[in-house]
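Asks: Please read through the structure below; I'll follow up with questions.
The values are calculated or read from the model by the stated rules, or taken from the named source; none is laboratory data. Since this is a predicted model, take the numbers as computed values, not measurements. Every residue, glycine among them, receives a Cβ derived from its backbone with ideal geometry; neighbour counts consider all protein chains shown.
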4 protein chains.
Amino acid sequence: MTIKLGIIGAGRIGRVHADTLRTRVPGAEALAIADIYEASARSAAADFGIPDYSVDPAEIIHSGDIEAVVICSSTDTHCHFISEAARAGKNIFCEKPIAFDLAEIDAALAAVVEAGVQLQIGFNRRFDSNHARIKSAIDGGEIGQPHTLTIISRDPAPPPIDYIKVSGGLMMDMMIHDFDMCRFLLGEVEEIFALADVMVDPAIGEAGDIDTAKVMLRFENGAIGTIENSRQAVYGYDQRVEVFGSGGAVSSGNWHPNAVTVSDAASVRRDLPLNFFMERYMDSYAAEMMAFVEAIRAGETVPVVGNDGRAPVLMAMAGMRSIAEKRPVRLDEVEA
Amino acid sequence: MTIKLGIIGAGRIGRVHADTLRTRVPGAEALAIADIYEASARSAAADFGIPDYSVDPAEIIHSGDIEAVVICSSTDTHCHFISEAARAGKNIFCEKPIAFDLAEIDAALAAVVEAGVQLQIGFNRRFDSNHARIKSAIDGGEIGQPHTLTIISRDPAPPPIDYIKVSGGLMMDMMIHDFDMCRFLLGEVEEIFALADVMVDPAIGEAGDIDTAKVMLRFENGAIGTIENSRQAVYGYDQRVEVFGSGGAVSSGNWHPNAVTVSDAASVRRDLPLNFFMERYMDSYAAEMMAFVEAIRAGETVPVVGNDGRAPVLMAMAGMRSIAEKRPVRLDEVEA
Amino acid sequence: MTIKLGIIGAGRIGRVHADTLRTRVPGAEALAIADIYEASARSAAADFGIPDYSVDPAEIIHSGDIEAVVICSSTDTHCHFISEAARAGKNIFCEKPIAFDLAEIDAALAAVVEAGVQLQIGFNRRFDSNHARIKSAIDGGEIGQPHTLTIISRDPAPPPIDYIKVSGGLMMDMMIHDFDMCRFLLGEVEEIFALADVMVDPAIGEAGDIDTAKVMLRFENGAIGTIENSRQAVYGYDQRVEVFGSGGAVSSGNWHPNAVTVSDAASVRRDLPLNFFMERYMDSYAAEMMAFVEAIRAGETVPVVGNDGRAPVLMAMAGMRSIAEKRPVRLDEVEA
Amino acid sequence: MTIKLGIIGAGRIGRVHADTLRTRVPGAEALAIADIYEASARSAAADFGIPDYSVDPAEIIHSGDIEAVVICSSTDTHCHFISEAARAGKNIFCEKPIAFDLAEIDAALAAVVEAGVQLQIGFNRRFDSNHARIKSAIDGGEIGQPHTLTIISRDPAPPPIDYIKVSGGLMMDMMIHDFDMCRFLLGEVEEIFALADVMVDPAIGEAGDIDTAKVMLRFENGAIGTIENSRQAVYGYDQRVEVFGSGGAVSSGNWHPNAVTVSDAASVRRDLPLNFFMERYMDSYAAEMMAFVEAIRAGETVPVVGNDGRAPVLMAMAGMRSIAEKRPVRLDEVEA
């Protein structure tokens, strides 16, 4: 049985999923791709052997042949398409973040529940071999009871200011992955304290955002965590996680383009780490889509569900409030 | 312009190329695959979206639509298919080793020259990111004038004895990759001394082969090298190269499935390296095929030519004679 | 010119300094050692070739031959001996922390200033090759403007509960080193937020202390830092620092007893890190004492002065208040 | 019981042992040091607190108070002093190599046996934490039955040409340590093949020596090894050993002055390894002397005996003959 999918959004991440579906996901076939820019839809269709394209996402959502939709459009459209697709009885894969507004998210999640369809959120990092290994170390008891978590997550360079303005801010756009990682590894968080500033580029501050932040979290299970984000690490994409527990510690390093060391009269050195997520996390995009397709085919629950999309948004809100109010903020304050 | 290819041989490596051609090589299309076992040909065609299959390689070689053939059949058939394909005017990609016999190789290479077609030999490791980086360090002067070379190349487990019997022996089957690496990195070798023995499995000795060897090489440029091969490293595939020179050293480590370290009361440890060539070198198979297709499309010389297939066979012969005669053997002795 | 010293306190750290003075510090000579336990004083004198011993520290402080005193007695005696030694005109090396009380510290520092003698505080980690290299990377501009600091500092096992009770608590006894490291690397801190708990041993909680903590700090220069402490890392002493800035990052790893890797069918592993400070930081004890002696001999200012002993105590107080009041605490609140 | 020692030779290594005996070897006391240069003897005595000095080694050898002599004079005097000290009933520690001549060595060893004294050879690397850990991995069965050995040993810079001329050549002076390491780790060698050349400095060739060499060895137990030596690694002292066996591999890396990594826009790098043996192997000098003193005090056999000094000389001779005759040379050919 092959699952027939339609893709909404032919931007960078839409193209990643289109490519992955064609080359790396067994049992799946993309039948159509839609984008408000016809040229984008057409070229994606051509590049990835997708039979049909459109400028109207509704054509995909309401196509009789399509069983599942992959939502890769801009964040402000996610909830609308989720609800519409749910009502059309489609299973749904949606990119992160779901939305910036809890009420909007809750409505979309309710539509999913009501329709009895499945929704997977695109937190691809859970499927990365490093993060998955850390998770398995915890679950397998290799480090005992977890006590602390340390995430360092730095981008190689900030996005364009125009993107920053619509991104929801560093915590919604960038740290949201790390908030998800916290939940993936150690469960629910109850309180957040954040310090943040503009250190990389004043233009980011002028756009109302921050570019550097540290966040401290207390988990419901008592563990304590910290997350660090920077929009600019000149040496490349820096993605590390460490969990420390009663029986030991598990930590991940960065991936480099090669495992080669050069020693000369000046230093012993390696080439820089893989530069950004398209290099670093490509396998995880394939893995999350495989997991989605397999779950749908097997009639099982998808691995990253609707609330996994909602909870990190709540955490980002708590983090932003902590910065604004200079105090630790409980998630139930934001929820209320 | 898309290059149309036919694949001869639907065994493990034939399937690798079929998969790669479909998913990772732009500008290429496999039209047919042949194998003497019809079931193999048929299932490969189905698995990798190849329109046609056959039990007769000649159908591929003489197909009017096919511009290039990929020879993945058993070693004893390579030269025959190379000559036939050359005479049919096809460009050729052939797996290593070309053959175990110099006269046979020379006849095939002559057919290629006469027909004015191109022949690329499947020394995929040249396209691996580690080996390519070592090469660029040398060529870019990062380590000055090379003085020594050290290759350690260990398989995770020996192949079946039936395979060993037809493999041409460790030096033709396994060390041939390392002989090619020597030439790729430091140029021609003039003399070889080998010590070898059966340490892993007596059955390998009974089959007339060795399973553990160290080889010392003197290069024409004066550099000195060593290669170590073992058929069995219990911790997995071990593939390391170091070149030392007047200005420094460049060396490669192994790739692991993740970059995660676990520290507990017993040790600080990583998971085992990638287990074997299908995991370790998969990207290099795609890269060599891309390079082949690009060269053919651009009308340029392919990157690993006929003599690159012949020279390592000569080196293997010298190595085997060194073991037999317990002395260093010059390549020109074997050539003569 | 050889500096003549007297040592007050023949416990573990007193013996370290006695040994170091004898074997590794040129231009220094310990003339006497005092301890309230005569047996301790006598055996230390014998073990380290010190001519004289006493049960009365005053004999050392008022000895006409002794030019400098090394205070290694219990924390509650530090300020008294500092003041007395200052009034006796001796230069002073005193172990950390100076005291748990700011008024007491201020009185002792005033005595030092009034007497015109020098006081060096025993923050040995500044003299460790890792920490010194991180400092030089920052000062040398290797990482540009510092943005963030991450310190992970974990002990292999908690001290005895009896010690915990008089230790001043984790922040005064253990994290004080990390507070000093913050100031050493990035300058003054203005605000601290701490989360802490008892995760290792309930008896520590019953003794009124915590065993696991994360602290977030805002520096006066705008940088943001975190410190993590645990009283028990089962894999040994874990001592790492990372500073990230506009031009890069500098980070330190742990030291292991050997640089050997064992690969077998289960893992690729190293032996555990050096177990505790007596192994890990021994060279730094020698280096700080050399620096003290050299500064005294040269008539120059010692490298870790009185306020370097006071400021981390203030930070520990802010950290403890943050835990108690569940909010970020400014250092000037504590100072007031 | 304290062992009273005399040191013959106040050059670089004599001073190392004098310092070590004073500061790090319990139960030992150097009573006198002799050197043909009075100034050297006098300053060493002053620097290391040795009560007596002399220009006449015989005074040390025949002193009634001295129970053991440490021979650190030039190689050509070793055998003479060994024999004389043995006849005087002294236990002996002698630096490597014993001598360049087998007959001379045999006479000295016979004198030792006849006198019933003990002789320890200064192969300090056996006492290094890396090499000792590799040995323990082998002995403890961590890697199963050893199959191969790879030693890479490179100096940071060649010694002065005047030293080269009297050094006995690279194999006697430098590779002798690696020959000893072979025997320490895997036992006796039966055959050696060497390739060597002058690649670093033509003046070394004019002095009749080589500066770069690779050696292949067959051990009596069937294992195969290689050693690589270069007189000049621009990145510093490079000292690595790997033993591979049926159950895994054990390998050592270099020691660096710190465990710090700097990442910037160009690379991820560490500072160069420790530069030379005085930094890299200092602890091993202390450990070998402690072992000598402890064995003497306990009446036990010293850990590196006379034949351990002789055998590597035989190996160096075989290596040199292999270079001259361009063939593998059996040790029993040289012995004969």
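Asks: Can you name the residue in the range C:165-198 that is without any contact (Cβ under 8 Å) to a residue 60 or more places away in the chain and closer than 25 Å to residue A:225 by Cβ and, of all such residues, is surrounded by the most Cβ atoms within 10 Å (Cβ to Cβ)?
Replies: Filtering first and then ranking leaves C:178.
Asks: Within the range B:93-112, count every residue that is more than 21 Å from residue B:301 (Cβ to Cβ) and part of a helix (DSSP H, G or I).
Replies: Final tally of qualifying residues: 4.
Asks: If you check B:22, B:15, B:42, which single one turns out to be at pLDDT below 95 and not in a loop (DSSP other than H, G, I, E, B)?
Replies: The unique qualifying residue is B:22.
Asks: Given (1) touching a residue at least 24 places away in the same chain (Cβ under 8 Å); (2) within 23 Å of residue A:187 (Cα to Cα); (3) of a type outside the set (Asp, Glu), where does residue A:132 come up short, assuming only one miss?
Replies: (1)
Asks: Just to be sure I understand, how many residues within the range B:286-336 are crowded, with 22+ Cβ neighbours inside 10 Å, closer than 30 Å to residue B:67 by Cα and touching a strand residue (DSSP E or B) at 6+ places or on another chain (Cβ under 8 Å)?
Replies: Selection size over the range B:286-336: 8.
Asks: Test of understanding: among B:253, B:248, which residue is touching a residue at least 12 places away in the same chain (Cβ under 8 Å) and either surrounded by fewer than 21 Cβ atoms within 10 Å (Cβ to Cβ) or in contact with a Cys (Cβ under 7 Å, 6 or more places away or on another chain) (or both)?
Replies: On the way: B:248 fails: either surrounded by fewer than 21 Cβ atoms within 10 Å (Cβ to Cβ) or in contact with a Cys (Cβ under 7 Å, 6 or more places away or on another chain) (or both).
From the options B:253, B:248, the qualifying one is B:253.
Asks: Before we move on, is residue B:262 at pLDDT 95 or above, of a type in the set (A, V, I, L, M) and over 30 Å from residue C:238 (Cα atoms)?
Replies: Working: at pLDDT 95 or above: yes; of a type in the set (A, V, I, L, M): yes; over 30 Å from residue C:238 (Cα atoms): no.
In short, no.
Asks: Here's a follow-up. Where residues in the range C:113-145 are among the charged types (D, E, K, R) and not in a loop (DSSP other than H, G, I, E, B), which of them is nearest to the chain's Cα centre (by Cα)? Give the derivation first.
Replies: Let us first name the residues in the range C:113-145 that are among the charged types (D, E, K, R), namely C:114, C:125-126, C:128, C:133, C:135, C:139, C:142.
Pick out the ones that are also not in a loop (DSSP other than H, G, I, E, B) and you get C:114, C:125-126, C:133, C:135, C:139.
On the way: C:114: 25, C:125: 7, C:126: 9, C:133: 18, C:135: 17, C:139: 22 Å.
Per the stated criteria, the residue is C:125.
Asks: Right, here's the next one. Take the range C:199-240 and flag every residue that is among the charged types (D, E, K, R), in contact with an Asp or Glu (Cβ under 7 Å, 6 or more places away or on another chain), within 30 Å of residue A:199 (Cα to Cα) and crowded, with 24+ Cβ neighbours inside 10 Å. Give the steps one after another, and end with the answer.
Replies: Of the residues in the range C:199-240, the ones among the charged types (D, E, K, R) are C:201, C:206, C:209, C:211, C:214, C:218, C:220, C:228, C:231, C:238, C:240.
Retained after the next criterion (residues that are in contact with an Asp or Glu (Cβ under 7 Å, 6 or more places away or on another chain)): C:201, C:211, C:214, C:218, C:220, C:231.
Narrowing the set further to residues that are within 30 Å of residue A:199 (Cα to Cα) leaves C:214, C:218, C:220.
If the condition is that a residue be among the charged types (D, E, K, R), in contact with an Asp or Glu (Cβ under 7 Å, 6 or more places away or on another chain), within 30 Å of residue A:199 (Cα to Cα) and crowded, with 24+ Cβ neighbours inside 10 Å, then C:214 is the only one that fits.
Asks: When you go through B:107, B:58, B:88, B:99 one by one, which is the residue that is free of Cβ contacts under 8 Å to residues at least 40 places away in the same chain, over 19 Å from residue B:31 (Cα atoms) and not acidic (Asp, Glu)? Can you show your working first?
Replies: Details: B:58 fails: over 19 Å from residue B:31 (Cα atoms); B:88 fails: over 19 Å from residue B:31 (Cα atoms); B:99 fails: free of Cβ contacts under 8 Å to residues at least 40 places away in the same chain.
When all the criteria are applied, what remains is B:107.
Asks: Can you name the number of the only condition in (1) at pLDDT 95 or above; (2) closer than 25 Å to residue D:116 by Cα that residue D:27 fails?
Replies: Of (1) at pLDDT 95 or above; (2) closer than 25 Å to residue D:116 by Cα, only one is false for residue D:27: (1).
Asks: Are any residues in the range A:253-289 small (Gly, Ala, Ser), in contact with a Ser or Thr (Cβ under 9 Å, 6 or more places away or on another chain) and at the interface with another protein chain (Cβ under 7 Å from one of its Cβ atoms), and if so, which ones?
Replies: Those that are small (Gly, Ala, Ser), in contact with a Ser or Thr (Cβ under 9 Å, 6 or more places away or on another chain) and at the interface with another protein chain (Cβ under 7 Å from one of its Cβ atoms): A:253, A:259, A:263, A:267.
Asks: In the set A:226, A:261, which member is free of Cβ contacts under 8 Å to residues at least 40 places away in the same chain and touching a strand residue (DSSP E or B) at 6+ places or on another chain (Cβ under 8 Å)? Before the answer, list the steps.
Replies: Numbers: A:226 fails: free of Cβ contacts under 8 Å to residues at least 40 places away in the same chain.
The unique qualifying residue is A:261.
Matching residues to (1) closer than 25 Å to residue D:313 by Cβ; (2) in contact with a Phe, Trp or Tyr (Cβ under 7 Å, 6 or more places away or on another chain):
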position: D:50; (1), (2): no, no
position: D:60; (1), (2): no, no
position: D:83; (1), (2): yes, no
position: D:100; (1), (2): yes, no
position: D:109; (1), (2): yes, no
position: D:113; (1), (2): yes, no
position: D:120; (1), (2): yes, yes
position: D:124; (1), (2): yes, yes
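Asks: Has the range B:192-209 got any residue that is in a helix (DSSP H, G or I), in contact with a helix residue (DSSP H, G or I) (Cβ under 7 Å, 6 or more places away or on another chain) and within 14 Å of chain A (Cβ to nearest Cβ)?
Replies: Keep residues of the range B:192-209 that are in a helix (DSSP H, G or I), which gives B:202-206.
If we keep only those that are in contact with a helix residue (DSSP H, G or I) (Cβ under 7 Å, 6 or more places away or on another chain) too, we end up with B:203-204.
After this cut, where a residue has to be within 14 Å of chain A (Cβ to nearest Cβ) as well, the list is none.
No, the range B:192-209 has no match at all.
Asks: Restricting the search to the range D:23-54, which residues are farther than 25 Å from residue D:295 by Cα and surrounded by fewer than 14 Cβ atoms within 10 Å (Cβ to Cβ)?
Replies: D:37, D:38, D:39, D:46
Asks: Next question. Being among the small types (Gly, Ala, Ser) and more than 24 Å from the chain's Cα centre (by Cα) is the filter here; which residues of the range A:43-90 pass it?
Replies: Those that are among the small types (Gly, Ala, Ser) and more than 24 Å from the chain's Cα centre (by Cα): A:43, A:45, A:46, A:49, A:54, A:58, A:63, A:64, A:88, A:89.
Asks: I've got another one for you. Is one or more of the residues making up the range D:139-153 crowded, with 22+ Cβ neighbours inside 10 Å, out of contact with any helix residue (DSSP H, G or I) (no Cβ under 6 Å at 6 or more places or on another chain), more than 17 Å from residue B:228 (Cβ to Cβ) and outside the structural domain of residue D:88 (by TED's automatic domain parsing)?
Replies: Among the residues of the range D:139-153, not one is crowded, with 22+ Cβ neighbours inside 10 Å, out of contact with any helix residue (DSSP H, G or I) (no Cβ under 6 Å at 6 or more places or on another chain), more than 17 Å from residue B:228 (Cβ to Cβ) and outside the structural domain of residue D:88 (by TED's automatic domain parsing), which makes the answer no.
Asks: Now for a separate question. Kindly indicate whether residue A:242 is among the acidic types (Asp, Glu), more than 14 Å from chain B (Cβ to nearest Cβ) and either out of contact with any His (no Cβ under 6 Å at 6 or more places or on another chain) or closer than 25 Å to residue A:276 by Cβ (or both).
Replies: Details: among the acidic types (Asp, Glu): yes; more than 14 Å from chain B (Cβ to nearest Cβ): no; either out of contact with any His (no Cβ under 6 Å at 6 or more places or on another chain) or closer than 25 Å to residue A:276 by Cβ (or both): yes.
Spelling it out, it is not the case that residue A:242 is among the acidic types (Asp, Glu), more than 14 Å from chain B (Cβ to nearest Cβ) and either out of contact with any His (no Cβ under 6 Å at 6 or more places or on another chain) or closer than 25 Å to residue A:276 by Cβ (or both).
Asks: Something else about it: For the range B:25-39, which residues satisfy the criterion of being assigned to a strand (DSSP E or B) and either within 14 Å of another protein chain (Cβ to nearest Cβ) or within 25 Å of residue B:299 (Cα to Cα) (or both)? Outline the logic, then answer.
Replies: Going residue by residue through the range B:25-39, those that are assigned to a strand (DSSP E or B) are B:28-34.
Once the filter is applied, which keeps residues that are assigned to a strand (DSSP E or B) and either within 14 Å of another protein chain (Cβ to nearest Cβ) or within 25 Å of residue B:299 (Cα to Cα) (or both), the range B:25-39 yields B:28, B:29, B:30, B:31, B:32, B:33.
Matching residues to (1) within 17 Å of residue C:127 (Cα to Cα); (2) at pLDDT below 95; (3) outside the structural domain of residue C:169 (by TED's automatic domain parsing); (4) polar (S, T, N, Q):
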| site | (1), (2), (3), (4) |
| --- | --- |
| C:293 | yes, no, yes, no |
| C:300 | no, no, yes, no |
| C:307 | no, no, yes, yes |
| C:316 | no, no, no, no |
| C:319 | no, no, no, no |
| C:324 | no, no, no, no |
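Asks: Out of D:148, D:226, report the one residue that is closer than 23 Å to residue C:263 by Cα, assigned to a strand (DSSP E or B) and out of contact with any Ser or Thr (no Cβ under 6 Å at 6 or more places or on another chain). Can you show your working first?
Replies: Working: D:226 fails: out of contact with any Ser or Thr (no Cβ under 6 Å at 6 or more places or on another chain).
Matching residue, one of D:148, D:226: D:148.
Asks: Something else about it: Residues in the range B:156-174: is at least one assigned to a strand (DSSP E or B) and either more than 14 Å from chain A (Cβ to nearest Cβ) or at pLDDT 95 or above (or both)?
Replies: Kept after step one, since they are assigned to a strand (DSSP E or B), are these residues of the range B:156-174: none.
The answer is no, given that none of the residues of the range B:156-174 is assigned to a strand (DSSP E or B) and either more than 14 Å from chain A (Cβ to nearest Cβ) or at pLDDT 95 or above (or both).
Asks: Moving to a separate point now. Just to be sure I understand, how many residues within the range B:74-92 are in a loop (DSSP other than H, G, I, E, B) and closer than 17 Å to residue B:292 by Cβ?
Replies: So the first thing to find is which residues in the range B:74-92 are in a loop (DSSP other than H, G, I, E, B), and the list is B:74, B:88-90.
The next check asks that each one be closer than 17 Å to residue B:292 by Cβ; those that pass are B:89-90.
So the answer is 2.
Asks: Name every residue in the range B:176-196 that is closer than 23 Å to residue D:327 by Cα and small (Gly, Ala, Ser), in order of residue number. Break it down into steps so the answer makes sense when it comes.
Replies: From the range B:176-196, those closer than 23 Å to residue D:327 by Cα are B:179, B:182, B:188-196; that's our starting set.
Residues satisfying the conditions are B:194, B:196.
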